[in-house]
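Notes to accompany the following structure.
The numbers here are math on the coordinates, done by the rules we state, and not lab data. Computed from a predicted model, the values in this text were never measured in an experiment. With ideal geometry, Cβ positions are generated from the backbone for all residues, glycine too; neighbour counts draw on all protein chains shown.
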Amino acid sequence: MEFEAVIGLEIHIELNCPTKLFCDCPNRPGDEPNRNTCPTCLWFPGAIPRLSQAALEKAALLCLGLGAEIQPRNAFDQKVYYYPDLPKGYQLSQAHLPLARGGGIEITDENGKLKRARIHHVHMEEDVARLVHEIEGRTPISLVDFNRAGVPLVEIVTEPDFSTPHEAIEFLKALRAQVRYVGSSECSMENGTMRVDANISVRPRGASEMNTKVEVKNMNSIRHVGDAIAHEIGRQSASVQAGEAVTLHTRLWDPDKKVTLPMRAKFEGPCIPDPTVPTIELSREWIDDMRSRLPEMPATRAARFVAQYGLSGEEAAFLSSDPDTAGFFEALTAEGIAPRMAMHWLATQLLPAIKERRQELHNAPVTPGRFAALLRMLSQDQINANAAREVLLRLFDGDQPPAAIVDACGFRQVSDPEALGALIDKVVDAEAAAVADLRNGQGKAMGFLIGRVMQASGGKANPKIVRELLGKKLEAIL
Amino acid sequence: MDSPFFYRNPAAPAAPSGPLAGSKIAVQPNLSVAGWPADAGSNALADFKALEDATIVKRLRQAGASLCGATRMSEFGFGLRGSRAGEAIRSQAADAELVLDLMGESRLAAIRAAVCGFKPSYGLVSRLGLIGLIPSMESCGLLAETPATIRELLKAVAGQDCLDFSMPDDEPLDLAPQDIDPPKTTIGVVAEAQSGLTAEQEALFRSSLDQLKQAGFSLLEMSLPEFSLFSLVHRIVGSVEASSSAGRYDSVRYGPRAAGAKNWNEMYLLSRAAAFGPLLKSYLLQGALFQFERYEAYENACRIRARLLRQMQRLASRADCLVFPAVDGAAGGGPPLLADTYGQFAWTLFANVTGQPALYLPPPPDAAHAGLQLAGARLSDGRLLALGEHLVNLHPRGK
């Protein structure tokens, strides 16, 4: 029997606002344990949660960026369960009246066909504390770090619109790009600011009803999400084939063994409206104001790049997938750099160099202004491409202007016809054999001669002019 | 347990200034006073000491009042079992007491101590630092000898608190003394609120109404056919909220952890099981049942609550205030049962369901009638206290 998979995703995203969701503690979960705490996020008796305006705005921007409809009336519920990372006994989450409903992202399936993945809803919730398990002497102990407790999260719940790991991966990449665009989160699965759970079920191909789903957690990269889904589809298909029933439960992805392992029965506790956090009522004006703050989103920007700069669709999509990259590119063109050159040097030279140094484009020492100054020298033939690559690497070491580095290293190209003519005369005299080859119709010798001239100039000669002058010289003597 | 105090402030009162200078105020250990034990009457919080002052406490201090201590209270202030509220005023150890009112505790404590007891409008007084149980029903009640004292206290503590977002954006209340002109003042009497009274209680209530008539007020008979639903709504919504919000009062962090557990899960379960007393435990279990198994009943109760609120608002808009029987329906000294507790508060809990203010006035000494319970529309607190002042001044207590 052939099976098809039905996959839905639940994505938790940590918002990057300065404070926690319900108090003024810094939103920095990575600090020294239990530094960023107060009676509210420690959930002490008598404390009252106070919803952060900044978090609400970041969450609303994120929803609008995904095309979801902000709900003018939304509210927090108490999601009841107990675990040592939630000593309060309930998590504040929006179960009944979420912040936004609907929306979606266009993705391409394996065959390159466009497909819309719909979002069911987006809600806000507070993160729970972090448990650290250690051994003290021979006794296992568990410690609780409350720095993460109360950190603002949004959860994006999709419709079960995916049928392959590829589609899920495409969706997550596009989602990450869009959320980064609106500036609500860095969305790093590696750093835990984006966490993905996948709900997966299989059914005979073409069937209409859905089978029991299994939830898979603990993937810490987008690639792992794909691997885990692929494994789970295989596992469930085999077990249905063997006539076994699939039960509703949660499984953990083991990245080393590349398998999913059962964790626990899925627990769905009750949710009651929280009587203390007031219902959030958002006016049409407020929502419109948020919408006006939305930046140009990736798809729109890519289309504009094609129209405005004559880039290919692929190039435009690449540049606009990340707001920093797109912004950098546009800053280069504003400096007068030709779009193709800007695109090419950004993609093949600068971005790899930044990645290698584990830096970020937005705060790297190579600013658009410095990079543009370098590319301008290249386009004006003041330096050649090799020298430009060399200078780029040196731009990371300090704040000198590129021209100063070019001069200090003696990279400036020699384009003076007189100086180059003298070099050419010398090379032609010295390489009589090659000249003879040319005379005998062996074209290869031309390249050899250019190489010798370049070598004689210490790599500084402008190759274009060398070729031109050498051509004239040979014409004259042959 | 001779003293009504659970904790006495060891610090001598400073020589403060302000409208409440010289007033001694007793709180309960469910109101946070920095450094004071705050167990809210429960083993689950046995070792908890408050980290900071509740907003109410801060404002009382700013107004010059001194806090003399915390009195013994029922577990989480639910009902009056173990509560000694009112006694500190009777023994003149305090001029006023703050008593959390979840279903009428401040008013019933006032009946017992023969003092005035007032539950302010919901949202009028900050709840920051209040270790409560039923967030949407409870309000910090005030006990004192006279409505005038209560008004002065309320002036000091009422109003917006930038740390309590749950307070509605109400305009500040006018709590200045007001003149009452009885012939122009209509007092509504809700017929259904008298059902369930014994013949004796009914007779006492009738004679209270006669007193009002004699004082020149015009009485208006009114009907609220669903009055009996208040109790049911309070019981369902209250228990569900309690069950959920009591999650944070886990004996694991603040109270004694149960010994002999095999793992943390078992330790957690055993500690919680040992932490709560029988009455509260049955209340929490009832709330958990509605949460997990009968959620639709909870949703219905919320809908009925909204309906009752509208009906009560309509009645309140037709009169200057409403009068209700002031009855302590205590069931005697049997085992603590939820049904008995709800029976005891049957004539007070309506105001917790609706969030309206309610004032208990004790009868004059040697009077043949009972005290009165007055209630008004939400935020009519100033008018209600002025009316109380007027009525108390008709029969000065001559103390």
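The label point for A:Arg284 and the one for A:Ala338, both projected 7 Å from the Cα toward the Cβ, are 5.2 nm apart. In order along the stretch A:291-305, the phi-based Karplus estimate (6.51 cos²θ - 1.76 cosθ + 1.60, θ = phi - 60°) of 3J(HN,Hα) comes to 4, 5, 8, 5, x, 4, 7, x, 5, 5, 5, 4, 4, 5, 4 Hz; Gly and Pro are listed as x. What the Kirkwood sum gives for the protein assembly as shown is a hydrodynamic radius of 32.8 Å, with every pair of different alpha carbons counted.
Rg and Dmax, both from the Cα atoms of the stretch B:132-175 and both in Å, are 12.2, 32. What are the ³J(HN,Hα) couplings of the stretch A:427-434, residue after residue, when phi is run through the Karplus curve with 6.51, -1.76, 1.60 and θ = phi - 60°? Round to Hz, x for glycine and proline. Ordered by residue, 3J(HN,Hα) equals 5, 5, 5, 6, 9, 4, 4, 5 Hz. Taking label points 7 Å from Cα along the Cα-to-Cβ direction, A:Asp429 and B:Cys162 give a separation of 8.7 nm.
Scattering from the C-alpha atoms of the stretch A:1-71 alone, worked out with Debye: what is log10 I(q)/I(0) at q = 0.14 1/Å? Cα-only, vacuum Debye calculation for the stretch A:1-71: -0.60. Max-minus-min Cα coordinates of the stretch A:391-478 on each principal axis give 53, 23, 18 Å, with the largest extent listed first. Projecting the Cα positions of A:Tyr309, A:Cys38, A:Cys409 onto the charge dipole of chain A (unit charges on Cβ atoms of Lys, Arg, Asp and Glu, taken about the Cα centre) puts A:Cys409 furthest along the positive direction.
What share of Cα pairs, in percent, lie more than 15 angstrom apart in the stretch B:41-88? Tail fraction, whole percent: 59.
Shown in residue order for the stretch A:129-141 are the 3J(HN,Hα) couplings computed by the Karplus curve 6.51 cos²θ - 1.76 cosθ + 1.60 at θ = phi - 60°: 6, 10, 9, 10, 9, 9, 10, 10, x, 10, 9, x, 10 Hz (x for Gly and Pro).
Computed across the stretch A:296-409, the Kirkwood radius stands at 14.3 Å (inverse of mean 1/r, all Cα pairs). Annotation for the stretch B:162-229 versus the stretch B:285-302: alpha-carbon center distance of 32 Å.
Using the alpha carbons alone, the radius of gyration of the stretch A:101-160 stands to its Kirkwood radius in an Rg to Rh ratio of 1.32. Determine, at each q value in 0.24 (inverse angstroms), the log₁₀ of I(q)/I(0) that the Debye formula gives when each Cα of the stretch A:19-120 is one equal point scatterer. Scattering profile of the stretch A:19-120, log10 relative to I(0): -1.29. Counting every alpha-carbon pair across chain A, the share separated by more than 34 Å comes to 52%.
Starting from the Kirkwood Rh over alpha-carbon pairs, what translational D in µm² s⁻¹ does the stretch A:326-478 have by Stokes-Einstein at 10 °C and 1.306 mPa s? Calculated translational D: 92 µm²/s.
Taking trypsin sites (Lys or Arg not before Pro) across the stretch A:128-196, the ones in a DSSP loop with at most 16 further Cβ atoms lying within 10 angstrom of their Cβ are A:Arg138. Considering all different alpha carbon pairs of the stretch A:186-261, the Kirkwood hydrodynamic radius works out to 13.1 Å. Just to verify a number: FRET efficiency for B:Asp174 and A:Lys173, C-beta to C-beta distance, R0 = 56 Å, to 0.05? The formula returns an efficiency of 0.40 here. Among the trypsin sites (Lys or Arg not before Pro) found in the stretch B:207-308, those both in a DSSP coil and sparsely packed, with 11 or fewer other Cβ atoms within 10 Å of their Cβ, are B:Lys262. Over the stretch A:3-281, the Kirkwood radius and the radius of gyration, each from Cα atoms, give a ratio Rg/Rh of 0.97.
Annotation: amide H of A:His120 within the under-5 Å range of A:Val157, A:Thr158, A:Glu159, sequence separation 5 or more or interchain, hydrogens built in the peptide plane. Near the amide H of B:Gly69, within less than 5 Å, lie the amide hydrogens of B:Asn9, B:Val27, all on another chain or at least 5 residues away, with H placed in the peptide plane.
Using a simple spin-label model with pseudo-atoms 7 Å out from Cα toward Cβ, A:Arg205 and A:Asp381 lie 6.1 nm apart.
Can you give the log10 of the normalised intensity I(q)/I(0) at q = 0.13, 0.16 Å⁻¹, computed with Debye over equal Cα scatterers of the stretch B:255-399? Here the Debye-derived log intensity ratios amount to -0.83, -1.02.
Size of chain B from its Cα atoms: along the principal axes, largest to smallest, the extents are 71, 55, 42 Å.
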